[in-house]
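Input: a single structure, listed below in structure tokens.
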Amino acid sequence: MNFNKLFTLQKQLDDRIVQEHNLEGEDLFENKLLALKVEVGELANETRCFKYWSKKAPSPKETVLEEYVDGIHFILSLGLELGYTEGVIPTQSDERLTAVQAFHDVYRAIDRVANEKEEGAYQNLIECYLVLGDRIGLSLNEIDQAYLKKNEVNHNRQDHGY
């Protein structure tokens with residue numbers, strides 16, 4: 001994943017939204033944290049990994065991938081808010097880590113960013129989210145390509161008064 005490119009694209013989208021919605025000078029950090037938590041919840045719902053009571057299959061991979069990259073948008077946006085725009089190279093995660101455990105790790109990482117607002121906490125969030133992507137069967141290349149596609153969709157939505 002080319003984090004420099006992704007941060008640049010996210011900044012363009014964020015700047016556009018701020019300008020077009022008259023949000024100059026607004027502190028959007030808490031909104032972005034909550035938006036990320038909601039997106040992670042939507043992702044969990046699409047994977048159905050926690051629904052031990054159900055035999056229904058997860059949503060199609062394309063749907064899961066789209067929900068996942070919605071989270072990437074808010075993670076990048078939080079990094080821009082905090083001034084941390086360096087990506088990480090994901091380390092190999094423990095293969096015994098389940099998707100449910102990875103979701104919990106992401107939520108803990110979000111709360112850590114909220115409380116500490118430090119670069120180490122932010123880098124941990126990126127790592128946890130990339131591990132989650134791996135646990136739910138997404139490759140870095142798929143994530144990168146899906147982000148680019150969804151970024152275009154988000155600009156198109158702004159063009160049409162979303």
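Sorting R157, R108, R48 by solvent-accessible area of protein heavy atoms yields R108, R157, R48, largest first, with a 1.4 Å probe. In terms of its C-alpha gyration tensor, region 109-162 comes out oblate, because a/c is 1.5 or above while a/b does not outweigh b/c.
Heavy-atom accessible surface of region 29-131, averaged per residue, reaches 53 Å², computed with a 1.4 Å probe. Near C49, no amide H atom lies under 5 Å from its own; only residues 5 or more places off or on other chains count, and H is placed 1.01 Å from N. Give the carbon-plus-sulfur fraction of the accessible surface of the chain in %, rounded to a whole number; probe 1.4 Å, heavy atoms of protein chains only. Answer for the chain is 49 percent, counting heavy atoms of protein chains only. Across region 102-162, Cα pairs under 8 Å and at least six residues apart give a relative contact order of 31 percent. Can you bin region 34-162 into rounded, prolate or oblate? Criterion: square roots of the alpha carbon gyration tensor eigenvalues sorted a ≥ b ≥ c, rounded for a/c under 1.5, prolate for a/b above b/c, oblate for the rest. Cα axes put region 34-162 in the oblate bin.
For H21, the solvent-accessible surface with a 1.4 Å probe is about 80 Å², rounded to the nearest 10.
Span-like helix check, the chain: qualifying full DSSP H segments, with Cα axial length of 15 Å or more and mean Kyte-Doolittle of -1.0 or more, are 3-20, 29-47, 61-82, 99-116, 119-135.
The values are calculated or read from the model by the stated rules, or taken from the named source; none is laboratory data. Predicted model, so just to flag it, every value in this text is computed and none were measured. Remember, those area values only see protein heavy atoms, side chains included, never the ligands or the DNA or RNA. Shrake-Rupley method; radii C 1.70, N 1.55, O 1.52, S 1.80 Å.
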